[in-house]
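Colleague: Got a structure here, written out as C-alpha cells. Questions coming.
The values are calculated or read from the model by the stated rules, or taken from the named source; none is laboratory data. The structure displayed is predicted, hence computed values, not measured ones. FYI the Cβ positions are ideal-geometry reconstructions off the backbone, even for glycines, and counts take in every protein chain you see. Remember, those area values only see protein heavy atoms, side chains included, never the ligands or the DNA or RNA. Shrake-Rupley method; radii C 1.70, N 1.55, O 1.52, S 1.80 Å.
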Amino acid sequence: MGIEIEDKFDVPPDYAVPDLNGLAEVVGPKGYQLVALYYDTPDLRLATRGVTLRRRRGGSDPGWHLKLPKAKGVRQEITYPLTRSTRTVPDELAELVRAYTRGAELQAVAELDTRRNVSILVDGETRLLEVADDRVKGTVLGDEPRVERWREVEAELLAGEAPLLAKVGKRLRKAGATPAESASKLARLLQPPAPRRVPTEPGTAGHVLVDYLESQVAALLSQDPRVRRAEDDAVHQMRVACRRLRSALKAFKSLLGDTQALQDELRWLGNVLGEARDLEVIRNRFARHLEGLAPELVTGPIATRLGDDLNEREQQAYERIKETLSGERYYALLEDLDALMADPGLRKPARKPADDTLSGVAATNWNRVTKAYDTAQAVEDPERREIAMHDVRKAAKRARYTAEALQPTLGKGMGRLAKHAEAVQDILGLHQDGVVAQEVLAKEAESAREAGEDTFTYGLLIGIERGAAERAHEEFPRVWAETLQAVRKVV
C-alpha cells in the first residue's frame, strides 16, 4: 500500500520531453511495455468515483493495482501479487471496493497497452521523482470493441518534496504540455458519467449545503476500504462522517426535504462503528493508566483483563463491522446517499443568498445548546441532571459541526464558534468518559473478584477515573461562562 502523488499532462504526438537536469540528476529514460486489464461493473461504478482496479503485466511492478482517490492529485494505491486468472478479481481487492460495487459483478471493461519511457530524478541513491512518457493504445471491451490512441506524460513524486513536482510541471508545461483533462487513462478512455448531483446556483445556501454534504459522503466512502483493512483511525473517521452527515441533515432541515429515515440509518451505521471505536479508546485509556503506576501497585492479571480481553471484544466488534459493510442494509444506505445528492428536495430558502440564510442557521444551532443547558439545570435530581447534560454535549457537537461547515462561506467567526462549541463538548466529554470508565472497571473488577483475583489495582484506577470526572465537573461552570461570553461576540 502506498500514496500516489502525481501530476498528469496531455501532450501532442510530437512532444519532446524537456531537459530536467538542474532540478536533480536524471537517470534514463528506460523503456517498458505495459499491458493492463481494467475491471469495473457494467455501469462503471468504480470509474464514476475515480477508482481504478487493474491487472498489469510488464514494467517494474507487475500485479494487481487498486487506486482509491484521497484528494486532487493524490491516490492511495494498494498492490496485490499477479494471479494467473484474468477473469476473477482477487477476493481481497473485490472486498475493498464493495462500497462502490454494492454487490454488482466485476468484469474486464478495458485494456491499456502502453509504451512507457521513464526518467528518474535522483539524489545519490534516493529516487526523488519519476517522469513517464506514455504512448497509449486503449481498447474499450465489449461486443463492439473501440480503440483510441494518445500520448501523455506523468510526473510522480517518489521521495521528493512538493516543490520539486511543481518545478518539473512548470518545465513540462513550458515545453507544450497541458494539465490533463482526465484524472486517469481509464477515465479518458471510458468517459464515465459523473456522480449525480442536483444543480445549484453558486452563492446560494443550497449550493453551500450540497457542497458540504457531497464532501461528507465522499469522506464516508473513502474510509470504507480503510475500515475493511482495519487501518489506524479509520473507524473513527468513518463514524465522524456519519455524525457530520446526520448533524447537517438536522441543522439544515429548513433547506431540505424530509430526511428522517436517512438520519435513522446513519445513526444505525454510527452505532455499529461505535462499538469497536469505544472499546479501542477505553483499552488505550486503561493501558496509559497502568503504564503510569508503579509496578508494585499493579496486582493480579489486570493487564490481561483490560488489554487482551478488551482487545478480543474489539476484534469481534470489527468482524461485526465488516459483516455490516457487506450487507444489503448498508448498500441501501449508500444508495440513499446517492439519491440525496441527486435530489435533496431543496426548499425555497435554499435558493436565497448563503450569507443571509446560513448565519441564522448557525445562531439557531447554538441556541439549542443554551436551551439544553437551561433544561438540564432545571432538573432537581442530580442523576437525572447528569443524563440531561449529555443532551448539552450532543447539542454542542451539532453546533460545532454546523459552524465548521459554514466557516468557508461565513468566515472566521464560524471558526471561533466551532472552537467554543468544541470546548463545551470536550469538557462534558471528559466527565462522561470518566463515568463510563468507572462502570467498565467496576464490571471487570467483579469478574476478577469472582475468579479469585486481586482487585486492588481496579480500585486505584476507579479512583483515578473518579478524580478525572470530578475535575471536569468542577471545571465546567468556568468553561461555560467563558464560552457564553465569547459566543455573544460571534452570533
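Colleague: Which one of the conditions (1) open to solvent by 20 Å² or more (accessible area, probe 1.4 Å); (2) closer than 30 Å to Glu275 by Cβ; (3) in a helix (DSSP H, G or I) does Asp232 fail to meet, given that it meets all the rest?
Modeller: The one condition Asp232 does not meet is (3).
Colleague: Within segment 19-38, is even one residue among the hydrophobic types (A, V, I, L, M, F, W, C) and open to solvent by 60 Å² or more (accessible area, probe 1.4 Å)?
Modeller: Going residue by residue through segment 19-38, those that are among the hydrophobic types (A, V, I, L, M, F, W, C) are 20, 23-24, 26-27, 34-37.
When the remaining residues are screened for being open to solvent by 60 Å² or more (accessible area, probe 1.4 Å), the result is 27.
For segment 19-38, residues among the hydrophobic types (A, V, I, L, M, F, W, C) and open to solvent by 60 Å² or more (accessible area, probe 1.4 Å): present.
Colleague: Let me ask something additional. Could you tell me which of the residues Val118, Val89, Val97 is under 21 Å from Pro18 (Cβ atoms) and buried (at least 16 other Cβ atoms within 10 Å of the Cβ)? Let's see the steps before the verdict.
Modeller: Values: Val89 fails: under 21 Å from Pro18 (Cβ atoms); Val97 fails: under 21 Å from Pro18 (Cβ atoms).
It is Val118.
Colleague: State whether the residues of segment 68-85 include one that is closer than 30 Å to Glu25 by Cβ and without any contact (Cβ under 8 Å) to a residue 12 or more places away in the chain.
Modeller: Checking segment 68-85: at least one residue is closer than 30 Å to Glu25 by Cβ and without any contact (Cβ under 8 Å) to a residue 12 or more places away in the chain.
Colleague: Could you check, for segment 100-110, whether at least one of its residues is among the aromatic types (Phe, Trp, Tyr) and open to solvent by less than 40 Å² (accessible area, probe 1.4 Å)?
Modeller: Keep residues of segment 100-110 that are among the aromatic types (Phe, Trp, Tyr), which gives 100.
Subset that is open to solvent by less than 40 Å² (accessible area, probe 1.4 Å): 100.
Looking for residues that are among the aromatic types (Phe, Trp, Tyr) and open to solvent by less than 40 Å² (accessible area, probe 1.4 Å), one finds at least one in segment 100-110, hence yes.
Colleague: From the list Ala47, Ala16, Ala94, Ala36, exactly one residue is in contact with a helix residue (DSSP H, G or I) (Cβ under 7 Å, 6 or more places away or on another chain) and of a type in the set (Gly, Ala, Ser). Which is it? Working first, answer last.
Modeller: Values: Ala16 fails: in contact with a helix residue (DSSP H, G or I) (Cβ under 7 Å, 6 or more places away or on another chain); Ala94 fails: in contact with a helix residue (DSSP H, G or I) (Cβ under 7 Å, 6 or more places away or on another chain); Ala36 fails: in contact with a helix residue (DSSP H, G or I) (Cβ under 7 Å, 6 or more places away or on another chain).
Every option except Ala47 fails the conditions.
Colleague: Just wondering, is there one or more residues in segment 175-185 that are among the aliphatic types (A, V, I, L, M) and loosely packed, with under 14 Cβ neighbours inside 10 Å?
Modeller: Of the residues in segment 175-185, the ones among the aliphatic types (A, V, I, L, M) are 175, 177, 180, 183.
So of that shortlist, the ones also loosely packed, with under 14 Cβ neighbours inside 10 Å come out as none.
No; the residues of segment 175-185 include none that is among the aliphatic types (A, V, I, L, M) and loosely packed, with under 14 Cβ neighbours inside 10 Å.
Colleague: I need the full set of residues from segment 71-86 which are among the small types (Gly, Ala, Ser) and open to solvent by 50 Å² or more (accessible area, probe 1.4 Å), in order please.
Modeller: Filtering segment 71-86 for residues among the small types (Gly, Ala, Ser) gives 71, 73, 85.
Within segment 71-86, just Ala71 meets the criteria.
Colleague: Those residues that are assigned to a helix (DSSP H, G or I) and surrounded by 22 or more Cβ atoms within 10 Å (Cβ to Cβ), I need them from segment 250-271; list them, please. Show your work before the answer.
Modeller: First pass over segment 250-271, keeping only residues assigned to a helix (DSSP H, G or I): 250-251, 253-255, 260-271.
Correct list: Ala251, Leu255, Leu266, Leu269.
Colleague: Shifting gears a bit: Just checking, which of Val272, Val217, Val198, Val208 is under 30 Å from Asp309 (Cβ atoms) and of a type in the set (A, V, I, L, M, F, W, C)? Reasoning before the result, please.
Modeller: On the way: Val217 fails: under 30 Å from Asp309 (Cβ atoms); Val198 fails: under 30 Å from Asp309 (Cβ atoms); Val208 fails: under 30 Å from Asp309 (Cβ atoms).
The match here is Val272.
Colleague: Moving to a separate point now. For residues in segment 374-425 being open to solvent by 80 Å² or more (accessible area, probe 1.4 Å), in a helix (DSSP H, G or I) and of a type in the set (D, E, K, R), which is nearest to Val487 (Cα to Cα)?
Modeller: Arg416
Colleague: What number of residues within segment 390-423 are more than 20 Å from Lys250 (Cα to Cα) and of a type in the set (A, V, I, L, M)?
Modeller: 1
Colleague: To continue, here is another question. Run Glu335 past the list (1) loosely packed, with under 15 Cβ neighbours inside 10 Å; (2) in contact with an Asp or Glu (Cβ under 8 Å, 6 or more places away or on another chain); (3) modelled with pLDDT of 95 or more and report the number of the one that doesn't hold.
Modeller: (2)
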